[in-house]
Each structure stands twice: as structure tokens, then as C-alpha cells.
Amino acid sequence: MPVAELLRRRLLCGAGLLAVAASLTVGSASAAEVSSMRMTPIVRAVKAARPAVVNIQGQKSVPDEKGPTGAVRQVNGMGTGVVIDPRGYVLTNHHVVDGVRQIRVTLDDGTMDIARVVAHDKRTDLAVIKIEVGRPLPVIEVGSSLDLMPGEPVIAVGNAYGYEHTVTRGIISALGRDVQVSDTQAYDDLIQTDASINPGNSGGPLLSIEGKMIGLNVAVRAGAQGIGFAIPIDQALQVAADLMSVERLENKWHGIEIGTTRDGSSTIVRRVAPGSPAAQGGVRPGDVITRLGDVDVARALDVERALLGRPVGERVAMEVRRSGQAVDLGLTVARRGSGPVREVAARLASSTTPTEDDGAWQVLGMKLNVEPKSTFESRSSRYRGGMRVVDVRADGPAAAKGIRSGDILVGMHRWETASEEDIRYIVTNDALGSLDEVKFYILRGDETLYGAMRVNVTRR
């Protein structure tokens with residue numbers, strides 16, 4: 001074959017190879033651009049929420065039913081949590097972290113840190129834990145559970161059976177479910193869904209199709225297929241606001257009783273305690289809080305988040321909407337004030353043998369003793385502890401509401417009453433002074449009764 005013809009064929013062959021290579025390159029580039037058909041609302045929702053979802057692992061001791069009486073065994077616990085503040089505050093279920101010796105939290109990027117429990121509420125099975133990773137963390141976008149509709153699509157994300165960031169989908173099957181999941185734990189007003197919620201999903205988000213958290217996954221119905229439950233997010237974040245309150249965590253107060261507007265879209269001031277930092281700053285009932293410091297306010301939790309960590313005496317810029325007009329105010333961070341409750345706290349703190357009797361007798365009009373745990377186990381009660389009423393002051397708040405000796409006090413307001421420490425916390429809590437009445441829960445025989453009492457403190 002002539003040399004010229006051979007060169008021509010080699011050139012043509014080379015050009016063909018270049019064309020194939022070019023087509024492969026073009027194919028790879030187009031693959032990186034995900035089509036709109038694949039980028040569905042579910043994919044977008046998961047992609048947006050996933051960075052704020054954490055996996056929780058830890059070891060806890062549980063009774064060994066096969067061993068001798070009193071024997072325990074170690075099990076590996078698992079669960080999920082959601083970041084609700086960029087400083088590392090994570091909301092999860094109390095049962096996920098209860099009894100765990102070392103709470104290991106893993107972020108979406110693989111970063112692992114040991115968490116500490118900030119606060120918990122056994123009755124609602126919620127807890128706030130905190131991790132320190134040295135950088136701001138992405139926060140879950142929150143929706144509302146006030147306008148949910150049966151049949152609308154939802155997505156569950158969690159550490160199902162230890163498989164991190166498992167995603168399942170389904171619909172809202174029903175609303176307002178009351179569920180007894182064990183002899184010691186019951187839940188009220190849950191969201192029911194057929195999105196698969198498995199062991200390890202607890203504490204993870206239930207997302208709307210928009211990618212906003214509308215519930216916190218909490219329970220699986222044993223023996224049932226396709227039935228899972230979640231705590232409505234508005235309910236969960238109200239409890240989280242109590243757990244993260246500056247009063248509870250840092251002995252500070254603001255004096256604002258916070259509610260929401262009728263449509264649930266804004267945070268409105270229901271009441272301002274006289275003489276409180278809020279009152280001194282010009283806050284009025286009916287004000288709609290829109291911003292506090294560098295935090296946009298949409299719910300009570302945001303107010304607590306905005307004030308956490310700020311030093312006493314710092315003036316925090318506050319924006320409210322009043323009668324449709326924007327108003328700039330300032331709220332100065334302060335320690336809890338003085339008054340009868342404060343005097344009780346000082347007396348209890350200075351006592352060489354402190355008990356709850358002094359405060360409970362003066363503030364509540366009751367003398368209380370710790371009730372043995374066996375009482376609640378034998379009754380298959382949802383409560384894990386309580387205080388038995390052993391005496392009632394005739395002219396006290398408890399007597400006025402019909403509480404009598406033999407009753408078991410199991411809760412007040414949003415606080416548990418399972419120990420002397422719980423009672424001491426309640427009777428020395430200045431929040432009592434800002435409440436017109438304090439709701440209480442008691443066990444009497446086989447009945448659970450509740451009411452509301454005016455406690456003996458000076459209103460602020």
C-alpha cells in the first residue's frame with residue numbers, strides 16, 4: 001500500500017477515536033447535570049434537611065430478663081436527632097439518651113463528638129443535647145403542624161436499625177392519635193404515618209414535601225406494619241423552649257409569656273410580668289416579636305435561643321410589630337429577681353440539711369415524700385415517678401383545689417415531680433410568679449386527675 005494511503009487511513013482512524021472520546025466526555029458532563037425528572041420534591045427535601053440530621057449511638061444498661069434477679073446487660077442504643085441551634089443544640093427523644101454512658105453524635109459529614117444532656121422531659125419523651133464541634137452547624141428548617149392534612153406526603157429520615165440517614169416516604173395517615181407504647185410511656189396527640197419508622201428513627205425529623213420538619217419521629221406500634229408516629233413539631237418545640245429557657249439553664253429571666261398568632265405564623269406576647277426586663281424594655285401584651293438580637297423570631301424557642309449565653313446586663317436589640325407598625329425596643333438580660341420564691345431558694349440553699357418541705361409547704365401548701373418506683377411499675381403508669389402527699393395545709397393552695405393526703409403529685413406545669421430535686425426546682429422557680437395558675441397532675445387510686453392552682457408567690 002502506498003505510504004500516502006496508509007497515512008490517510010491512520011489519520012481517519014485517529015479522528016474517529018477523538019470523536020468517540022469527545023462523545024464520552026459530553027456524556028459525562030450531562031450526567032453531572034441531574035435532570036428535573038430525577039430531582040423530585042422528595043430528593044430536594046432530603047437534600048435540604050440531611051445536613052441538620054445527626055445520628056446518635058451509645059451503650060446503656062438494661063435489665064437482663066434471662067439472668068438472675070437484678071442482673072443487667074449492656075446493649076448498643078441508637079437514635080437520631082435534629083440540630084435546632086447552630087451552636088450545637090440537638091433535639092431528640094429522651095429515651096434515646098436516657099441511661100447512655102457516652103452519647104456519640106455523628107454529623108452528616110462524618111464528624112463525631114461526645115454530647116452532653118442539656119435538659120430533658122420524661123413525660124413528653126423529649127431531650128436537648130449539645131455537641132461542641134468548633135463551627136456553626138446547619139439548622140433544620142421548621143414548618144408547622146397546625147395545618148397538616150391526612151393524605152399529604154411526608155418523609156422520615158433517621159438512623160433506622162443503625163443504617164445512617166435512611167429515608168422513607170409515605171403519607172399522613174391520621175392526626176391527634178393517643179398512643180400507649182409501653183407500660184411506662186404514653187403519648188398524646190401524635191401524627192400517624194405509614195412512612196416506615198423503625199428502631200433508630202426515634203428523634204429524627206418527619207418532613208413535609210417542602211422539606212420542613214413537621215414532626216419528630218417517636219414510636220413504632222409493636223406488631224403493626226406501616227404504622228409509625230411523630231410528635232407534632234409545634235408541640236415539640238414548645239417543650240424545647242422550656243428545656244432551653246435561660247431561666248432554667250442560666251438563672252436569668254425575661255418576663256415574657258409567649259404565644260402564637262391564630263394562624264400560627266408569628267410569636268405574640270400574651271403577658272409581660274411587671275418589673276421584668278421585658279416590662280422595663282417597653283414590651284407590651286399583643287406585640288408580635290419579629291427579631292431578637294441576631295435571631296429571627298418565629299416561636300418561643302427562638303426567644304430563648306437569642307438570649308442563651310448573653311452576659312447579665314447586655315442590652316439586646318428587639319424588633320416587634322405593634323398595631324401593624326414596626327417598633328424597635330431593647331431587652332436587658334437580668335438575673336432572676338427577688339421575692340418570696342427567691343427567699344425560699346436562699347433559705348434552702350443555706351440549709352445544712354435541705355429538704356423540699358420548707359418550700360413545698362410555703363409555696364404549694366403540701367408536705368411531700370418520694371413515692372417508690374414500684375408503685376408506678378405495678379400500676380402500669382405512664383409516669384415514672386412522683387411525690388406522695390403526706391400532709392396538706394388547710395389554708396394552702398393545694399387544699400383549695402381538693403388535693404388530699406395520699407394523692408401522688410406527678411407533674412406541675414411542664415415540670416416533672418419525681419424527686420426532691422424536682423420540687424426544689426419548682427418552688428424556687430421565679431416562673432411561678434409570672435403564671436396566674438399552675439397546672440398540676442395527681443394520681444388518686446386508679447385515676448389521673450388534674451387542675452390548676454394559684455401558688456403563694458408575689459406576682460411580678
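Among 184-191, 361-368, 439-446, the peptide with the highest mean count of other Cβ atoms within 10 Å heads the list, and the full ranking is 361-368, 184-191, 439-446. Here is the link list: Lys60/Lys367; Lys122/Lys373; Lys47/Lys122; Lys212/Lys439; Lys212/Lys252. Which ones come out longer than 24 Å on Cα distance? Pairs exceeding 24 Å: Lys60/Lys367; Lys47/Lys122; Lys212/Lys439; Lys212/Lys252. What would the Debye equation give as log₁₀ I(q)/I(0) for the range 65-218 at q = 0.12, 0.13, 0.15, 0.17 Å⁻¹, counting only Cα atoms as equal point scatterers? Scattering profile of the range 65-218, log10 relative to I(0): -0.53, -0.63, -0.82, -1.04.
Note on the range 176-252: dipole from Cβ charges, positive end direction compared against Ile197, Leu237, Leu249; the farthest Cα belongs to Ile197. Evaluated at q = 0.16, 0.19, 0.21 Å⁻¹, the base-10 log of the normalised Debye intensity for the range 224-339, with identical point scatterers placed on the Cα atoms, takes the values -0.70, -0.97, -1.18. In terms of overall dimensions, the C-alpha atoms belonging to the range 258-298 reach 30, 24, 10 Å along their principal axes, ordered largest to smallest. Diffusion coefficient of the range 141-185 by Stokes-Einstein, Kirkwood radius over Cα pairs, 4 °C, 1.567 mPa s: 100 µm²/s.
Summary of packing: across the peptides 302-308, 111-117, the per-residue average of other C-beta atoms within 10 Å ranks them, highest first, as 302-308, 111-117. Kirkwood hydrodynamic radius (Cα pairs, Å) of the range 77-133? One decimal place: 11.3 Å for the Kirkwood radius.
Convex hull volume per residue, computed on the Cα atoms of the range 186-287, equals 140 Å³.
Here the peptides 202-215, 141-154, 236-249, 311-324 are ranked by packing, the mean other Cβ count within 10 Å, and the order with the highest first is 202-215, 236-249, 141-154, 311-324. Each other residue within a Cβ distance under 11 Å of Asp296 adds +1 if Lys or Arg and -1 if Asp or Glu, for a net charge of 0.
With the cut-off at under 15 Å, measuring from each backbone N in the range 388-406 to a point 7 Å along the Cα-to-Cβ line of Glu447 picks out 401-406.
Every read-out reported here was derived from the displayed coordinates using simple, explicitly stated rules and does not represent laboratory data. None of the values given here were measured: they were computed from a predicted structure. No Cβ is skipped: glycine too gets one built from the backbone with ideal geometry, and neighbour counts run over all protein chains shown.
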